[in-house]
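S.K.: Before anything else, here's the structure in question.
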Amino acid sequence: MADKLTQQIVEAVSKAATEPLGLPLFASKSETGLFAAGAKAAAQKCVADKLIQVVRTETKGKTPREFFAATEAGWEFLSAAVNPKQVLEDFVRVLEARQGVADELLSVARQMAESLQGLKDAVSRVLPQVTVNRIKAPSPPANLEAAILDDLADWFAGANAGEDCPLPELFHGIARSRSVSLGEFHDCLRKLQAAGSVYLHSWTGPLYELPDPAVALLIGHGIAYYASLRNRKESGARQQEPERSLAPVF
């Protein structure tokens with residue numbers, strides 16, 4: 001019985017010596033351990049004699065798992081109990097196995113590096129074309145006031161000559177070709193109205209029916225929802241009309 005117990009301890013300490021990161025005290029169906037499930041007496045003696053010690057713990061669910069490695073006393077026990085040549089052969093076998101795993105990892109790393117290089121090459125091929133397309137794309141007007149006046153002129157020169165331009169239509173059309181915030185758009189409209197370049201017309205329907213209310217412009221106590229050029233003759237559209245007062249906000 002004692003020989004069997006000693007053999008179990010020798011085998012466990014040998015495993016612990018080759019695993020600096022530690023192994024669980026008992027083996028399971030899916031995991032290597034220092035002792036078989038039925039070798040509890042050998043495991044208790046090994047721990048009591050301080051031949052192995054906990055080197056790290058992992059929490060899986062609610063139960064912490066302890067991992068054991070050989071202590072200095074365990075190394076001395078192993079040297080006295082086992083032929084050094086056998087210990088060395090065991091270590092060489094573990095080293096060879098680890099070398100195989102390391103070679104596989106290096107192979108995977110090389111493949112990943114080659115794949116990354118291929119992606120870099122692909123990007124370097126596509127990037128110049130993207131740059132060319134950006135350069136060739138029509139640039140937006142440099143001045144927001146000019147952009148608004150140009151879009152209003154296009155609106156009244158086309159099929160919409162008989163209608164005032166809704167502010168959402170005007171804003172979204174300009175935002176498609178340049179970076180502009182709603183606040184900048186509203187400020188520019190106020191400036192153009194003050195300069196006499198555009199008319200701002202009120203929303204005449206019920207407020208709850210107002211489409212896209214965020215783009216509507218609040219001026220004083222009124223809501224402006226449409227815009228037109230001060231002189232529509234310049235845009236090729238219908239004749240100038242009197243300015244309409246803004247609908248009051250109640």
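Per-residue answers, yes or no, for (1) at pLDDT below 90; (2) over 21 Å from K4 (Cβ atoms):
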residue	(1), (2)
F26	no, no
A36	no, no
A41	no, no
L51	no, no
T57	no, yes
K60	yes, yes
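S.K.: Scan region 185-215 for residues that are within 17 Å of L152 (Cβ to Cβ) and within 42 Å of the chain's Cα centre (by Cα) and jot them down.
M.R.: The answer is F185, H186, D187, C188, L189, R190, K191, V215.
S.K.: Here's something else I'd like to know. For region 184-222, which residues satisfy the criterion of being surrounded by 13 or more Cβ atoms within 10 Å (Cβ to Cβ) and hydroxyl-bearing (S, T, Y)?
M.R.: Scanning region 184-222 gives S197, Y199, S202.
S.K.: Evaluate the following for E58: is it assigned by TED's automatic domain parsing to the domain that holds F77, acidic (D, E) and assigned to a helix (DSSP H, G or I)? Walk me through it before giving the result.
M.R.: Values: assigned by TED's automatic domain parsing to the domain that holds F77: yes; acidic (D, E): yes; assigned to a helix (DSSP H, G or I): no.
Criteria not met by E58.
The values are calculated or read from the model by the stated rules, or taken from the named source; none is laboratory data. This one's a predicted model, so the numbers in the text were calculated from it and none came from an experiment. Reconstructed Cβ throughout: ideal geometry from the backbone, glycine too, with neighbour counts over all protein chains shown.
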